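See structure below.
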Amino acid sequence: MTTDQLAGQPVGRLATARIAAVTVDLDDTLFPQSAWLEGAWDAVAAAGSALGLDASVLRDEIAAVAATGSDGGRVIDRALLAVGCSEVELPALTPGLLAAFRAHAPESLPCYPGVAAALANLRALVPVGCITDGDPHIQRSKLRALGLADAFDAVIFSDEMGREFRKPHPAPFLRALDLLAVEPAAAVHVGDRPGKDVVGPHAIGMRAVRVRTGEYAELPDDAEGAAPWRVFDDAATALSALAEMVS
């Protein structure tokens with residue numbers, strides 16, 4: 001099922017506009033981020049055990065804190081406080097647990113159904129890039145585990161530009177378009193977060209396709225004041241629809 005979003009232009013005009021390149025988000029767009037996080041939190045709990053903490057209790061508290069949403073930040077610190085550690089103890093405990101989190105590198109991760117094939121089909125027609133926030137080492141390991149390390153014509157790790165350039169900042173989008181050699185008006189971005197994957201492309205004149213998967217699936221499409229061009233239930237359907245538009 002799809003829902004057309006007007007974004008200030010007639011739907012017919014948007015549907016026939018030239019698409020010369022597509023960029024995509026990674027986490028919760030191409031695969032369920034929770035699949036990576038579950039293993040990462042297990043690794044953190046195991047590292048906590050080595051520091052004298054109860055791994056089971058710590059793991060439960062991590063799950064409880066993480067369930068409140070990723071935007072809250074400081075998940076490990078908040079979980080340590082919840083298991084009875086003091087603020088004074090955090091500097092001695094947190095670095096080792098963060099290292100375990102960052103070192104987590106599963107051999108494989110599941111893409112959402114149909115994503116890998118849909119990406120390959122679309123890339124046979126137009127250049128495809130990936131724009132992702134987060135620790136570049138972690139994000140690269142995710143791409144390898146997903147089998148997508150070679151699935152793109154350009155990959156932008158926004159944190160390599162500086163954390164201040166994370167989406168929705170225009171810089172990573174403009175860098176991707178520069179590498180793909182296309183103008184914003186001829187490109188489409190696909191992602192799950194309205195505040196990042198709709199607002200960011202919208203600001204530079206790209207079309208934005210929102211997919212309703214992952215942690216932010218229930219947010220309104222225009223949650224941050226910018227309406228997406230199209231909305232799809234998942235990335236495989238979105239990518240297949242874009243392939244039909246450019247074929």
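Protection proxy ranking for 204-212, 46-54, using the average of other Cβ atoms within 10 Å per residue and placing the highest first: 204-212, 46-54. Once the Cβ-Cβ distance of R163 and L125 is raised to the sixth power relative to R0 = 30 Å, the FRET efficiency obtained is 0.35.
Stretching T94 away from R144 to a fully extended chain increases their span by 15.3 nm, per 0.36 nm per residue minus the current alpha-carbon distance.
DSSP beta bridges fully contained in the chain are about 15 percent antiparallel. Placing unit charges on the Cβ atoms only, positive for Lys and Arg and negative for Asp and Glu, gives the chain a dipole magnitude near 700 debye about its Cα centre. One chain, two ends: R102 and S34. Fully extended at 0.36 nm per residue, the span grows by 23.0 nm beyond their Cα-Cα distance. Computed over the chain, the P(r) curve from all C-alpha pair distances, binned at 5 Å from the origin, holds 1, 6, 14, 17, 18, 15, 10, 8, 5, 3, 2, 1, 0 percent per bin. Modelled label positions at A181 and L81, each set 7 Å beyond Cα in the direction of Cβ, lie 5.2 nm from each other.
For the stretch 94-222, the antiparallel share of DSSP beta bridges with both residues in that region comes to about 0%. If the chain linking S247 and A117 were pulled fully straight, counting 0.36 nm for each residue of separation and taking away their Cα-Cα distance, it would gain 45.2 nm. Taking a virtual spin label 7 Å from the Cα of V57 along the C-beta vector, which residues in the stretch 77-111 bring their backbone nitrogen under 16 Å of it? Answer for the stretch 77-111: 78-87, 89-90.
Readers should treat all values here as calculations from the given coordinates under stated rules, not as data from a laboratory. The model shown is predicted, which means the values in this text are computed figures rather than measured ones. All Cβ positions, glycine included, derive from the backbone under ideal geometry; neighbour counts span all protein chains shown.
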